[in-house]
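To start, the structure itself, in structure tokens.
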Amino acid sequence: MPFMPVKFNLQKRVKLAQGLWMIYWLSVIVGIILFSLGIFFKIELRKRSEMMDNNESHLVPNLLILVGLLACGLNAFGGKVCHDSLDPIKFAKWKPMLKPFLLLCCGFNALLLLTALLCFLMQFAVYLTLAEGLKNSIKFYKDTDTPGRCFMKRTLDMTQIEFRCCGNNNFRDWFEVQWISNRYLDMSNDLVKDRVLSNVEGKYLMDSVPFSCCNPGSPRPCIQHHLTNNSAHYDYDHRIEELNIWTRGCREALFSYFSSIMNSIGVLIVAAVILESVDMAGLKYLTTALETMDDPENPECESDGWLLEKGVKDTFGDLLTRLKTLGTSNQVVEGGDSPTAAN
Amino acid sequence: MALGLVKFDLKKRVKLAQTVWFMYWFAVMAGVLVLSMGLFFKIELRKRSELMDNNESHFLPNLLIFMGLVACGINGFGGKVCYDSLDPTKFLKWKPMLKGFLLFCMGFNALLMVTALLCFLMRIPLQFTLAEGLKNGMRYYKDTDTPGRCYMKRTLDLMQIEFRCCGNENYRDWFEIQWVSNRYLDFSSKEVKDRIGSNVDGQYLMDGVPFSCCNPSSPRPCIQHQMTNNSAYYSYDHYTEELNVWKRGCRSAMVSYYGGLMNTIGVLVMLVTLLEVRVQPTQSIFYLHLLDLPKQPSRCQVAVTIGLQYIDSSLSTLVNPEDPESESEGWILEKTVKETFTDIMDKMKSMGKGTKVEEGEEAGVATVS
């Protein structure tokens with residue numbers, strides 16, 4: 001008993017072929033979109049790789065690029081087959097390849113599902129990398145003369161301006177590191193000497209933040225030095241002052257940005273999986289309809305199309321027995337070898 | 001002797017129809033492009049209208065939007081007519097409108113050319129608006145409590161960050177105005193009183209700039225206050241210190257940005273005009289070719305575009321009008337260029353004479369009564 005049979009006449013077959021051709025080209029476009037999203041994501045990760053200690057995982061964007069290319073190729077091939085399907089001569093040369101093609105599509109769908117799952121799960125890895133990377137970035141902010149770290153200041157300043165954030169968890173992270181290079185500190189000055197000696201590690205700490213933490217929306221010119229000292233500025237109370245500097249931490253800001261990208265990509269991949277399944281079902285119907293034509297010379301005859309030749313249970317039973325015979329055939333071969341060895 | 005003779009059969013006509021249909025849809029895309037450029041330009045002007053004193057001219061983006069919409073409409077209509085053209089029954093209803101449509105297309109092309117020219121010319125008024133607006137923008141920087149100007153500070157800060165510029169001509173413009181609001185100045189302090197007393201207008205002037213002038217690429221943390229005082233900072237010489245704040249003035253930054261934008265839009269509109277002008281003859285070739293297909297051939301003396309004549313002549317010489325598969329000839333001009341012009345002159349003279357006779361008759365009627 002075939003699974004979900006449908007009767008086809010010439011008109012229905014032609015309509016199915018045309019519709020399927022259009023859906024295949026839509027799938028090619030979706031493949032191109034996936035490819036370009038993979039490239040976009042890769043570029044975004046590279047742009048901020050300094051914030052992530054240069055050891056972020058590029059698995060997801062690489063997989064997306066691969067999947068996008070595969071989707072384009074498979075769907076273009078499917079579209080070509082559809083285009084040729086109503087011409088028996090052209091279709092004859094594609095016929096033997098169809099079964100492996102459908103199996104390949106099944107495998108590709110599984111790969112797509114895996115990619116979607118990775119998109120949702122790898123966000124945790126990104127979060128942890130960001131936390132570690134930002135901590136180090138803030139530490140290396142002052143090292144503008146150390147090769148390999150000289151652009152850290154610029155990258156961090158631009159990130160804080162662009163993402164409207166300050167520090168790792170919040171602006172107080174800046175109070176715990178020395179972010180002014182020793183080159184610009186007058187070590188003979190008493191004030192400087194006091195500050196340096198006031199902590200174990202000999203760092204010049206102060207209750208100030210870099211200018212990139214300033215919020216342009218604040219009504220008053222930016223207060224970035226002596227933040228906790230109310231008497232240093234006129235009419236200033238650091239406990240109620242809200243708009244002066246960005247209060248959000250950069251880890252949270254960057255993570256929400258990357259997680260929104262990954263979530264959207266994941267949703268798009270799930271849509272692509274559904275589209276691919278529709279493609280496969282359509283192609284199966286079309287090929288079975290063309291194969292079961294009573295009189296191949298007469299295009300107007302009716303035919304049947306189905307998804308599975310037997311029912312779902314029977315097909316799975318067949319698959320299992322086939323796998324078992326694969327295993328047992330190996331065993332028999334081994335048994336055959338050993339008697340010859342004994343001889 | 002006909003000029004530019006071409007033979008047409010059914011296959012050629014069908015191919016021509018398909019080509020024209022594709023060209024129409026390409027032209028619709030071009031119209032959408034012009035529309036989106038107009039919208040983008042309008043949005044950019046609105047974003048920074050505070051810096052232009054809110055009196056910048058929106059004439060050019062509005063014109064671009066209008067032209068984009070008309071282009072889409074015209075080319076969509078043309079595509080529809082093309083699609084129906086090979087079916088005689090459907091084509092009948094479009095037939096009367098075609099000549100007018102072709103003339104309208106030509107007027108539209110001329111207007112498109114004028115728009116492209118305007119894109120290059122309207123830079124100059126924009127420069128003046130920007131210069132004036134920026135000067136006022138800086139003056140109102142501190143007025144964050146005055147309604148209507150409370151966002152000037154944020155707009156100016158964001159602009160200086162985005163365009164990497166400081167002040168109008170350079171950063172010293174900030175030294176000449178008070179950019180700290182009086183709300184945040186302690187008037188009981190001696191230092192504040194000294195500064196205010198030191199100039200005629202009673203403004204709190206200082207040699208400092210807002211934080212948005214800071215250059216993130218500078219290796220040292222930003223120095224924005226007491227910029228001309230070398231002793232205020234360790235190892236600082238304001239004559240040699242280069243990278244600390246942005247050196248460029250915002251007027252030149254904005255002018256080059258908007259100028260570049262308008263140049264690009266002007267070039268793109270030029271290209272769209274060229275495309276439209278190319279579509280014209282091909283569409284004309286096709287339409288008049290079909291105008292008289294099912295009926296008696298009619299003589300059409302409109303010598304406007306090359307294509308119109310191709311079509312008309314091709315139709316008139318159809319061997320058998322009832323049979324679409326019959327062959328026909330098409331040409332650009334039925335007689336030579338000289339003879340065609342003399343024909344047109346004769347026609348215009350006869351038109352003039354016709355009105356004269358009418359006036360004479362009316363005068364006669366008037367005198368009788």
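The values are calculated or read from the model by the stated rules, or taken from the named source; none is laboratory data. This one's a predicted model, so the numbers in the text were calculated from it and none came from an experiment. So basically every Cβ, Gly included, is an ideal-geometry build from the backbone, and we count neighbours across all protein chains shown. Side chains are part of the model used for accessible areas, which takes the heavy atoms of the whole protein and leaves out ligands, DNA and RNA. Shrake-Rupley method; radii C 1.70, N 1.55, O 1.52, S 1.80 Å.
A compact table of results
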read-out: From A:157, A:145, residue being closer than 21 Å to residue B:164 by Cα, at the interface with chain B (Cβ under 9 Å from one of its Cβ atoms) and not aromatic (Phe, Trp, Tyr); value: A:157
read-out: Of residues in the stretch B:69-82 being surrounded by fewer than 16 Cβ atoms within 10 Å (Cβ to Cβ) and not hydrophobic (A, V, I, L, M, F, W, C), the one modelled with the lowest pLDDT; value: B:80
read-out: From A:71, A:76, residue being open to solvent by 10 Å² or more (accessible area, probe 1.4 Å) and either of a type in the set (Gly, Ala, Ser) or farther than 25 Å from residue A:120 by Cβ (or both); value: A:76
read-out: Near pairs, Cβ below 8 angstrom, 6+ apart or cross-chain, from the stretch B:152-165 (of a type in the set (D, E, K, R)) to any residue that is open to solvent by 30 Å² or more (accessible area, probe 1.4 Å); value: B:153/A:219; B:153/B:142; B:154/A:217; B:164/B:246; B:164/B:248
read-out: The listed residue being surrounded by 13 or more Cβ atoms within 10 Å (Cβ to Cβ) and within 28 Å of the chain's Cα centre (by Cα), out of A:164, A:172, A:195; value: A:164
read-out: Yes/no for residue A:221 being in contact with a helix residue (DSSP H, G or I) (Cβ under 6 Å, 6 or more places away or on another chain) and either surrounded by 16 or more Cβ atoms within 10 Å (Cβ to Cβ) or within 14 Å of chain B (Cβ to nearest Cβ) (or both); value: no
read-out: Selection count, the stretch A:178-208, where residues are more than 13 Å from chain B (Cβ to nearest Cβ), under 22 Å from residue A:230 (Cα atoms) and touching a residue at least 24 places away in the same chain (Cβ under 8 Å); value: 2
read-out: Pair list, Cβ < 7 Å and 6+ apart or interchain, from the stretch A:30-57 residues that are under 20 Å from residue A:163 (Cα atoms) to residues that are in a helix (DSSP H, G or I) and of a type in the set (Asp, Glu); value: A:53/A:132
read-out: Residues being more than 9 Å from chain A (Cβ to nearest Cβ) and not hydrophobic (A, V, I, L, M, F, W, C) - total across the stretch B:231-240; value: 5
read-out: Selection count where residues are open to solvent by 20 Å² or more (accessible area, probe 1.4 Å) and in a helix (DSSP H, G or I), scope the stretch B:8-27; value: 13
read-out: Restricting the stretch A:224-254 to residues that are part of a loop (DSSP other than H, G, I, E, B) and buried (at least 18 other Cβ atoms within 10 Å of the Cβ), the residue that is farthest from the other protein chains (Cβ to nearest Cβ); value: A:249
read-out: Subset of the stretch B:132-143 [touching a Lys or Arg at 6+ places or on another chain (Cβ under 6 Å) and open to solvent by 20 Å² or more (accessible area, probe 1.4 Å)]; value: B:140, B:143
read-out: Those residues of the stretch B:206-230 which are without any contact (Cβ under 8 Å) to a residue 12 or more places away in the chain, open to solvent by 10 Å² or more (accessible area, probe 1.4 Å) and facing chain A (nearest Cβ under 9 Å), in sequence order; value: B:221
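For every residue, the table says whether it meets (1) at pLDDT below 95; (2) β-branched (Val, Ile, Thr); (3) outside the structural domain of residue A:54 (by the TED database).
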site	(1), (2), (3)
A:125	yes, no, no
A:132	yes, no, no
A:143	yes, no, yes
A:146	yes, yes, yes
A:154	yes, no, yes
A:180	yes, yes, yes
A:190	yes, no, yes
A:197	yes, no, yes
A:202	yes, no, yes
